[in-house]
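Remarks on the structure that follows.
The values are calculated or read from the model by the stated rules, or taken from the named source; none is laboratory data. Owing to the predicted nature of the structure, the values given are computational and were not obtained by experimental measurement. A quick note on method: Cβ atoms are made from the backbone with ideal geometry, for glycine too, and the neighbour counts reach across all protein chains shown.
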Amino acid sequence: MTTPISRRTVLAVGAGAAAGLALPVAAHAHQAVRARFTLDAEVLDGGEQVTSITLHTARLGRVDPASLTTGTFTVHAKATSPIPIAPGDQIFSEYDLDRAVTAARVDRHGDVVLDLAYAEGVTGGGTLGYIASKGRNVRLNLVYTITQQAPLVLRGGRPLTITEFRQGRLSNPEVDAFGYGIARSGMKYRLFKPHARGRRPLVVWLHGGGEGASLPDNYYDNETQLRANRGAIGFVTDEAQRIFGGAYVVAPQSQSFWMEDGPRFAPQIREIIRDVVRRHDVDPSRVYVVGCSNGGYMSMEMTVTYPELFAASVPICGVVQSLQPGGPRLITDAELAAISTPTWLVASRDDTTVPPEPNTIHAHDLIPGSLLTLYDHVVWNGHQFAGHWSWIYVARNDPAQNGQHIWQWMAARRRRA
């Protein structure tokens, strides 16, 4: 048997590292056979998971699919925090375990793909960890070890035993469709550009508290605001792009969390919007702001600070009343009553993190002409999520009133001249 080889890899685009090898099959001493592999990921409603592995075997020959089974390879995954965890602190969800291979196939490029077991709420495939004391998600360092248990057979009958596997990048087409940017203020953001030509609308996604920078570590990745949920991702799907006629989507990332100092962050977000509008073919009369939790607060703060900027606002489980007992309102009643931007609020009655009565319902009562969708629970595809996660519904275009769904309502709004 050979000895497993592994090196750490981070989830930055283009970062690669060697991962492990352990073969029960004898290999020719002077004939190393190497294959690189890619971690294939999807952003689920509950966060990003590695759902399959692509072994880049095409250059080694044409693999006979009949020789490939779910037992041909085994997969081990280890996920650790990229920053130190203080004694007594907790991080959810590091792991060190075997991943079940549910299917093995040869794709159209001639590469071997190993589909892995994954599901909402299951530890073992996630790419993010949540550090309890910081209230922040971080991108986990992932090390995958591939072990070949039986030879493959190439067309013509020649056996193939891979003697070294090299881990490559994390691949997620939806996340990778967003480019990277940084404003003059230092605020980072991700930007999706539509395929459609001509003036197009702009959707501004403002993340929740867990997706900002982690302080005081200066951990500022410009990744978690896309990987933690489908909030921004939902607006780049084919369905959303069709409804909006093609739309730019920008996702700024707070240097801490929006509620820390919304009035200070508002001009930085405005700067990003201004830069995107100036550099790209954006219709300035069709800029929409959507945010969840901390970002739901910030979406309202933006319409308070810039009443003429947005065509529509969608605050999801947004914070109005301080979450600290006896704390002041983050947005005053007078400010809520003065909001003139068309607003559709969304929350769930069982939200224990941001109770809807003093926040979403209170805002709806005061914002003139605002719409409200209030769910009893957050359930999607048979899985019940925490009541705070009502952004899942907006990411799936579920809220509707009078036969019109929320994306169609947004797309029809124009800023008054």
Review point. Among all residue pairs at least 6 apart or on different chains, which show Cβ distances below 7 Å where the first residue, located in the range 326-337, is under 13 Å from Gly262 (Cβ atoms) and the second is of a type in the set (D, E, K, R) and in a helix (DSSP H, G or I)?
Key: Ile331/Glu301
Revision key, fill the gap. Restricting attention to the range 274-298, the residues that are touching a strand residue (DSSP E or B) at 6+ places or on another chain (Cβ under 6 Å) and either assigned to a helix (DSSP H, G or I) or not assigned by TED's automatic domain parsing to the domain that holds Leu202 (or both) number exactly 5
Practice item. State which residue is farthest from Gly157 (Cα to Cα) when the search covers only the range 60-83 and only residues that are within 23 Å of the chain's Cα centre (by Cα) and surrounded by fewer than 19 Cβ atoms within 10 Å (Cβ to Cβ). Key: Ile83
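Scan Pro315, Pro358 and give me the residue that is assigned to a strand (DSSP E or B) and either closer than 16 Å to Val289 by Cβ or not basic (Lys, Arg) (or both). Steps first, please.
Working: Pro358 fails: assigned to a strand (DSSP E or B).
Sole residue among the options that is assigned to a strand (DSSP E or B) and either closer than 16 Å to Val289 by Cβ or not basic (Lys, Arg) (or both): Pro315.
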**Study point:** Which numbered condition Gly121 misses (of (1) loosely packed, with under 13 Cβ neighbours inside 10 Å; (2) more than 23 Å from Gly382 (Cβ to Cβ))
**Key:** (2)
Exercise for review: Go through the range 401-417 and give me each residue that's part of a loop (DSSP other than H, G, I, E, B) and either without any contact (Cβ under 8 Å) to a residue 60 or more places away in the chain or in contact with a Leu (Cβ under 9 Å, 6 or more places away or on another chain) (or both).
Suggested key: Asn402, Gly403, Arg415
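Okay, residues lined up against (1) in contact (Cβ under 8 Å) with a residue 40 or more places away in the chain; (2) on the phi > 0 side of the Ramachandran plot; (3) not aromatic (Phe, Trp, Tyr):
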position	(1), (2), (3)
Asp107	yes, no, yes
Val113	yes, no, yes
Ala117	no, no, yes
Gly124	yes, yes, yes
Thr127	yes, no, yes
Tyr130	yes, no, no
Arg139	yes, no, yes
Thr145	yes, no, yes
Practice item. Being within 18 Å of Val314 (Cβ to Cβ), surrounded by fewer than 13 Cβ atoms within 10 Å (Cβ to Cβ) and of a type in the set (S, T, N, Q) is the filter here, so list the residues in the range 365-403 that pass it. Key: Gln401, Asn402
